[in-house]
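Right, one structure below, let's go through it.
The values are calculated or read from the model by the stated rules, or taken from the named source; none is laboratory data. Predicted model, so just to flag it, every value in this text is computed and none were measured. FYI the Cβ positions are ideal-geometry reconstructions off the backbone, even for glycines, and counts take in every protein chain you see.
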Amino acid sequence: MSRIASTFSALQAQGRKALIPYVTAGFPFADITPALMHGMVEAGADVIELGVPFSDPMADGPVIQKAGEKALSLGIGMVQVLDHVREFRKRNNTTPVVLMGYANPVERYDQKHGEGAFVRDSAAAGVDGVLIVDYPPEECEAFAASLRAHGMDLIFLLAPTSTDERMAEVARVASGYVYYVSLKGVTGSGALDTAAVEQMLPRIRQHVTIPVGVGFGIRDAATAQAIGKVADAVVIGSRIIQLIEDQEHAKVVPLTIDFLRGIRKALDA
Amino acid sequence: MNSYQQPDPSGHFGPYGGSFVSETLTHAIQELREAYARYQNDPEFLAEFHYELKHFVGRPSPIYHAARTSFEMGGAQIYLKREDLNHTGAHKINNVIGQAMLAKRMGKPRVIAETGAGQHGVATATICARYGLECVVYMGAEDVKRQSPNVYRMKLLGATVVPVESGSKTLKDALNDAMRDWVANVDNTFYIIGTVAGPHPYPMMVRDFQSVIGKECIEQMPAMLAEQKVLGQQPDAVIACVGGGSNAMGIFHPYIPFEKTRLIGVEAAGEGLESGRHSASLQKGSAGVLHGNRTFILQDDNGQITETHSISAGLDYPGVGPEHAWLQEIGRAEYVGITDKEALEAFHYLCRTEGIIPALESSHAVAYAMKLAKTMRPDQSILVNLSGRGDKDIGTVADLSGADFYCRPSCQGQSVKGGEQPIKVVK
């Protein structure tokens, strides 16, 4: 069983919901990511989504785009992201790590390091799953097969505009968990309509048998708690980025721990 | 090449094209595919499209024999397809009419667009005024400064222009922001993409709408060549500038089966193909995924999109339509580069010799045609797609020439892309 699957089944047995924080690798300081990941686990994170910075993040809002630009200016590329994961794995062999990003840096890695290098190297570094925002199921069959062969999960998004047909298609290739984008818009935008999410989840579960996480628009304990009542996991990204974007080095990890503890408590209540 | 049938049903041109979008846009793309499939061969739709092209745009655009230029080059006869004579001043309007007609039929009251030089934005604002659609145009903040007359034109036509401050503040960033707007407003909004790029069906659909250019040429050239007593029914070479590549695809596509006609796309070589400051994706880029399709892009070793450079805002884009990548791969089209300096020289030459002020984009195609003509015989012929007129560029040119002119960018404290030093122009 993959680390992601075993994490979710353990949580299910305890009747708890997964907390999945997102942070852009190398943000806000190039060297802080492994420590930040450990801090997140300490605060109760069950899975960590690590953003791979990209120059043209079409599906992200201004907060995550700015974080990506900062990380890029600090020289963070795929090689450094994998280094972060390797470093994290030295002291943590249980918490799943999911890389989240765009197709081009992944494909470029293979162009530079040889066919199949990305999947091989990320598996070796200790990555458990991959979410490529601009890889829809029909464009990544070979990639999905290669990930499966290395025991990694391919995580897909679903959106309010997804049709039942589409959900079925995603369900066929998705593994690990499915990430429901709770609103029409980019990351960090708009207010979350929890009633709409509540209505959507039963529809998704008609097609998807793996856990369903909800993200985009979860900002605080109250929204996390409301979403936790209907979903298997809550994903929090832009809010964490905002919290740490202007902080000095020493405060980044403690502030994140503090914030996530509040969310964890609300989720478990 | 008679069997050329591209793209395949899922939008691929060989390994290029496709649909690389986030899940939120998948439904909108699917809706558009269905709408286009329904109308692309619909007689009523096509009749309206051609009516608009004739009566609103002023088609067919003529082909003009650049006799003085041809004589001075001492080689092949150069002909210009006069897309610059279209209403709104460029080929962009052809495609915009087709997409706006689809928006109307799909019941989408709001239209968004991205623009570089502003020609696509102006065309979109124009059609939205004509059809009563709300219009929002995304434009890189850098381009807003470079192309202020076009920004004002869009506003006069009732459009909202949104300056994009992210990234390199040029066309690619405008495209990202337009995509984001589309994701957030997908229910009531139609995204009119201005070039043969983006997720399927855009590259095919924009090509189809722009193919009116090449189809007219195939009709017009035999009579033109006979009149000039030049050999052949069709030109020996067809030349067009390539940024995203819509004017080039529009004139190339109908010519693909005419194997004796060379198809030559001219990319912006900026300060030189080896300088690192250019926009030549096909010659200096590599395969990658950007803006919803797989194509040739300019990128670094980490797969980050690199900044581009061209004197011409319309060519200043780090990608290119996927069908061009395919035409290059199968050898049906060739791609070459023209520098800022060469383009500017051709711009001035055409003004003085033919009485035509070409867009800086089109000046790249003219410059290469003038080079190529010298290597050919006088009984041979070259057809250049003069994709747009240069009114929008006179401020930029004035600045580069050190001329005093009231609305040149330097009046507003902006520097002009295309060189820090004024380029000396032979007067």
Test: residue in region A:136-155 that is crowded, with 21+ Cβ neighbours inside 10 Å, touching a residue at least 40 places away in the same chain (Cβ under 8 Å), out of contact with any Asp or Glu (no Cβ under 7 Å at 6 or more places or on another chain) and under 25 Å from B:VAL183 (Cα atoms) = yes
If we keep just the residues of region B:150-195 that are more than 12 Å from every other protein chain (Cβ to nearest Cβ) and in a helix (DSSP H, G or I), which is nearest to the chain's Cα centre (by Cα)?
-> B:ASN150
Single residue of region B:161-192 satisfying the filter (under 22 Å from B:ASP393 (Cα atoms) and hydroxyl-bearing (Ser, Thr, Tyr)) that is modelled with the highest pLDDT = B:THR170
Looking at (1) in contact with a strand residue (DSSP E or B) (Cβ under 9 Å, 6 or more places away or on another chain); (2) closer than 23 Å to A:ARG219 by Cα, find the lone condition where A:GLY61 falls short.
-> (1)
Return the total of residues in region A:205-224 being of a type in the set (A, V, I, L, M, F, W, C) and in contact with a helix residue (DSSP H, G or I) (Cβ under 6 Å, 6 or more places away or on another chain).
-> 6
In region B:65-95, residue surrounded by the fewest Cβ atoms within 10 Å (Cβ to Cβ) [restricted to those that are assigned to a helix (DSSP H, G or I) and of a type in the set (Lys, Arg)] | B:ARG68
Could you tell me whether A:ALA71 is part of a helix (DSSP H, G or I) and over 19 Å from the mean Cα position of the chain (by Cα)?
-> no
Checking A:MET1, A:MET78, A:MET58, A:MET40 in turn, the sole residue that is modelled with pLDDT under 95 and buried (at least 24 other Cβ atoms within 10 Å of the Cβ) turns out to be A:MET58
Going by the structure shown, is A:ILE227 surrounded by 19 or more Cβ atoms within 10 Å (Cβ to Cβ), touching a helix residue (DSSP H, G or I) at 6+ places or on another chain (Cβ under 9 Å) and at pLDDT below 95?
-> yes
Looking only at region A:113-132, decide whether some residue is within 10 Å of chain B (Cβ to nearest Cβ) and out of contact with any helix residue (DSSP H, G or I) (no Cβ under 8 Å at 6 or more places or on another chain).
-> no
Of the conditions (1) within 13 Å of chain B (Cβ to nearest Cβ); (2) polar (S, T, N, Q); (3) in contact with a Leu (Cβ under 7 Å, 6 or more places away or on another chain); (4) surrounded by fewer than 23 Cβ atoms within 10 Å (Cβ to Cβ), the single one that A:ASN104 does not satisfy is (4)
Please enumerate the residues belonging to region A:239-268 that are of a type in the set (A, V, I, L, M) and touching a Gly at 6+ places or on another chain (Cβ under 9 Å).
-> A:ILE241, A:VAL252, A:VAL253, A:ILE257, A:LEU260, A:ILE263, A:ALA266, A:LEU267
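Hey, among the residues in region A:40-58 that are part of a loop (DSSP other than H, G, I, E, B) and within 23 Å of A:ALA5 (Cα to Cα), which one's nearest to the other protein chains (Cβ to nearest Cβ)?
So the first thing to find is which residues in region A:40-58 are part of a loop (DSSP other than H, G, I, E, B), and the list is A:43-47, A:52-58.
Going one step further and asking which of them are within 23 Å of A:ALA5 (Cα to Cα), we end up with A:43-47, A:52.
Working: A:ALA43: 29, A:GLY44: 28, A:ALA45: 24, A:ASP46: 23, A:VAL47: 19, A:VAL52: 9 Å.
It comes out as A:VAL52.
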What residue, among those in region B:1-48 that are in a helix (DSSP H, G or I) and among the small types (Gly, Ala, Ser), is nearest to the other protein chains (Cβ to nearest Cβ)?
-> B:ALA28
Restricted to region B:125-149 and to residues being part of a helix (DSSP H, G or I) and in contact with a Lys or Arg (Cβ under 8 Å, 6 or more places away or on another chain), the residue nearest to B:LYS92 (Cα to Cα) is B:ALA125
Go through (1) away from chain A (no Cβ under 14 Å); (2) out of contact with any strand residue (DSSP E or B) (no Cβ under 9 Å at 6 or more places or on another chain); (3) at negative phi and name the single condition B:ASP236 misses.
-> (2)
When the residues of region A:89-101 are filtered to those that are in contact with a strand residue (DSSP E or B) (Cβ under 7 Å, 6 or more places away or on another chain) and farther than 18 Å from A:VAL133 by Cα, which remaining residue is farthest from the other protein chains (Cβ to nearest Cβ)?
-> A:THR95
Return yes when B:GLY314 is within 25 Å of B:TYR191 (Cα to Cα), small (Gly, Ala, Ser) and within 14 Å of another protein chain (Cβ to nearest Cβ) and no when it is not.
-> no
Those residues that are touching a residue at least 24 places away in the same chain (Cβ under 8 Å) and more than 10 Å from chain A (Cβ to nearest Cβ), I need them from region B:294-311; list them, please.
-> B:THR295, B:PHE296, B:THR308, B:HIS309, B:SER310, B:ILE311
Determine whether region B:321-341 contains at least one residue that is farther than 30 Å from B:GLY292 by Cα and touching a Leu at 6+ places or on another chain (Cβ under 8 Å).
-> no
In region A:113-135, what residues are surrounded by 22 or more Cβ atoms within 10 Å (Cβ to Cβ), of a type outside the set (Phe, Trp, Tyr) and in a loop (DSSP other than H, G, I, E, B)?
-> A:VAL127, A:ASP128, A:VAL133, A:ASP134
Within the bounds of region A:123-135, is there any residue that is farther than 22 Å from A:ARG16 by Cα and more than 18 Å from the chain's Cα centre (by Cα)?
-> yes
Could you please let me know if A:ALA25 is within 16 Å of the chain's Cα centre (by Cα), on the phi < 0 side of the Ramachandran plot, modelled with pLDDT of 95 or more and within 14 Å of another protein chain (Cβ to nearest Cβ)?
-> yes
